[in-house]
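Engineer: So that we are looking at the same thing, I have put the structure below in structure tokens.
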Amino acid sequence: MSVAEIMEARFGSRLLETTTFRDDLTYSIAPDDWREVLEFCKESPDLAFDMLDCLIGDHLPERMEAPLQVVVHLVSHTYGHRLRIKVALPEGKTLRSLTDLWPSSNWDEREAWEMYGIYFTRHPHLRRLLTTDDFEGHPMRKDFPLQGTIGGPIRTKLKGKI
Amino acid sequence: MSGLVFPNFDGAPSVSKAQMLSGEALRNASDQDVLATMGGAVRLPGGIALPVQIERVLGFGRSFSYWPLLFGLACCAIEMMALGGSRFDMSRFGMEAMRASPRQADGMIVAGWCTTKMAPRVVRLYEQIPDPKWVLAMGSCAISGNIWDTYGVVQGVDSLIPVDVYVPGCPPRPEALWQGLEMIREKIKKSSHAYDGLRRIPARDALELEGAE
């Protein structure tokens with residue numbers, strides 16, 4: 001059985017949207033099915049997705065009702081197949097962390113939270129990864145200002161004293 | 001011996017003048033007299049005074065062994081590596097030994113943009129380099145932030161640490177960095193800007209300002 005057959009037999013209409021681009025299969029799911037679908041991908045012996053390639057956040061402000069998105073790329077070394085899973089999120093919706101299934105999602109989730117403000121519950125330490133701890137805001141959102149003032153005031157204040 | 005050229009130090013007394021103070025005269029002379037004969041004193045932190053002449057001889061030696069910190073922040077570091085490689089060959093000037101430990105280095109080449117996350121590390125590395133030390137800011141990003149006027153990039157490393165020489169470019173050619181290092185060598189020879197322990201570190205100033213507010 002192919003990945004598509006297994007997934008559709010198990011979840012059916014809960015897979016909201018299916019696209020295939022250059023043999024890469026993508027499913028869109030609802031946020032409430034997130035944990036169940038990914039647990040099945042990991043635990044099912046016929047799928048055996050043993051590696052989480054990447055977990056990415058995304059911000060699409062033109063989608064008013066669900067501006068945020070998380071994309072997960074899964075790889076199975078046993079069978080050599082791949083799968084992408086997308087979940088569209090309204091503002092403030094949280095997801096269950098995947099760190100217990102794939103430890104590699106740890107930093108990816110930290111980055112998704114830091115850059116887009118997508119919160120993952122039961123994450124071991126959801127701290128900022130790439131910016132400083134006192135940073136405010138989520139810089140990869142489309143409404144974040146492109147030109148920042150961080151570093152600027154220090155430079156202008158002290159320029160004459162150096 | 002005719003091929004040897006000794007450097008002509010500005011204001012250094014001639015050999016005959018220095019020899020005037022010898023024998024009985026030297027034993028009787030006060031410390032001030034000796035210092036004046038040797039071109040005046042250079043004050044060091046801690047109250048030690050060195051005659052200018054000795055300091056300049058030391059500077060002459062130092063200028064041929066400027067060892068930068070092995071430290072690259074971004075793409076400018078590639079050009080820095082090219083300068084260290086065989087084509088441009090920094091080792092002709094005694095600069096090939098890039099030290100991986102700040103405690104063995106004579107200064108740093110800040111090659112590339114510095115993020116706010118990296119800024120405390122840059123300041124710490126600078127502070128760990130023993131005096132005297134010279135800093136070269138390489139490339140537009142290290143000088144001013146370049147196009148990265150964004151949330152994460154420090155707008156010029158001179159807001160963090162004192163910078164001696166700026167080398168503009170995006171990235172600068174290895175020749176440009178070479179010229180910048182030559183300018184640093186000139187500074188070392190003159191011992192100008194040598195005792196950075198007496199200077200203010202901008203990042204520390206900013207922290208003090210923040211604390212005062």
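Any read-out appearing in this document is the output of simple, stated calculations on the displayed coordinates, not a laboratory observation. Everything numeric in this text was worked out from a predicted model, so none of it was measured. Heads up, the Cβs are rebuilt from the backbone with ideal geometry, glycines too, and the neighbour counts pull from every protein chain shown.
Engineer: Pull up the cross-link candidates among the aspartates and glutamates for B:Lys133, meaning alpha carbon to alpha carbon under 20 Å and not fewer than 8 places away within one chain.
Structural biologist: Within the straight-line cut-off, B:Lys133 pairs with B:Glu55, B:Glu96, B:Asp106, B:Asp158, B:Asp164, B:Glu182, B:Glu186, B:Asp196, B:Asp205.
Engineer: Roughly how crowded by other chains is peptide B:158-170, in terms of the mean Cβ count from those chains within 10 Å of each of its Cβ atoms?
Structural biologist: On the way: counts 4, 10, 4, 1, 1, 1, 0, 0, 0, 0, 0, 0, 0.
Going residue by residue through B:158-170 and averaging, the value is 2.
Engineer: Could you work out the helix-only [θ] at 222 nm for chain A, with each DSSP H run of four or more residues adding -39,500 (n - 2.57) and the total divided by the number of residues, to the nearest 500 deg cm²/dmol? Mind dumping the intermediate values first?
Structural biologist: Numbers: 4 runs with 38 residues, N = 162.
Helices in chain A give a 222 nm mean residue ellipticity of -7000 deg cm²/dmol.
Engineer: Residue-wise, which Karplus ³J(HN,Hα) couplings in Hz belong to the stretch A:53-68, taking 6.51 cos²θ - 1.76 cosθ + 1.60, θ = phi - 60°, and x for glycine or proline?
Structural biologist: Rounded to whole hertz, the list is 5, 7, 10, 10, x, 7, 10, 10, x, 6, 8, 4, 7, 9, x, 9.
Engineer: Taking every pair of alpha-carbon atoms in the stretch B:68-200, what share in percent sits in each 10 Å bin, from 0 to the bin with the longest distance?
Structural biologist: With 10 Å bins starting at 0, P(r) equals 13, 47, 34, 5, 0.
Engineer: As an exercise, identify the GluC sites (Glu not before Pro) in the stretch A:2-83 lying in DSSP coil whose Cβ has no more than 12 other Cβ atoms within 10 Å. Let's see the in-between values first.
Structural biologist: Values: sites: A:Glu5, A:Glu8, A:Glu17, A:Glu36, A:Glu39, A:Glu43, A:Glu62, A:Glu65; in loops: A:Glu62, A:Glu65.
In loop regions of the stretch A:2-83 (DSSP not H, G, I, E or B), the sparsely surrounded GluC sites (Glu not before Pro) are A:Glu62, A:Glu65.
Engineer: Moving on. Go ahead and run the numbers for FRET between B:Ile78 and B:Glu186, Cβ-Cβ distance against an R0 of 35 Å, rounding to 0.05. Please list the in-between numbers first.
Structural biologist: On the way: r = 26 Å, r/R0 = 0.75.
Computed FRET efficiency for B:Ile78 and B:Glu186 comes out at 0.85.
Engineer: Inside 10 Å of the C-beta atoms of A:128-134, what's the mean count of C-beta atoms belonging to other chains?
Structural biologist: Details: counts 1, 1, 4, 5, 6, 1, 1.
Mean partner-chain Cβ count within 10 Å for A:128-134: 3.
Engineer: Same structure, new question: Collect residues whose amide H, placed 1.01 Å from N in the peptide plane, falls under 5 Å from the amide H of B:Val153; neighbours closer than 5 in sequence don't count.
Structural biologist: Sorted by chain and number, the residues that satisfy this are B:Thr116.
Engineer: May I ask you to derive the FRET efficiency for B:Ala97 and A:Lys142 from their Cβ-Cβ distance with R0 = 35 Å, giving the value to the nearest 0.05?
Structural biologist: Working: r = 48 Å, r/R0 = 1.37.
According to the calculation, E is roughly 0.15.
Engineer: Only sites in a loop by DSSP and with at most 12 other Cβ atoms within 10 Å count here; which GluC sites (Glu not before Pro) in the stretch A:71-142 make the cut?
Structural biologist: Answer in residue order: A:Glu91, A:Glu136.
Engineer: Further, regarding this structure: Can you give me the three principal axis dimensions of the stretch A:1-123 from its C-alpha atoms, in Å, biggest first?
Structural biologist: Principal axes ranked by extent give 37, 28, 25 Å for the Cα atoms.
Engineer: What FRET efficiency comes out for A:His77 versus B:Lys117 if R0 is 35 angstrom and r is the Cβ-Cβ distance? Round to the nearest 0.05. Walk me through the intermediate numbers first.
Structural biologist: Details: r = 34 Å, r/R0 = 0.96.
For R0 = 35 Å, the calculated efficiency reads 0.55.
Engineer: With labels modelled as points extended 7 Å from the Cα through the Cβ direction, what inter-label distance (nm, one decimal) is found for A:Tyr119 paired with B:Cys170?
Structural biologist: Distance between label points: 4.0 nm.
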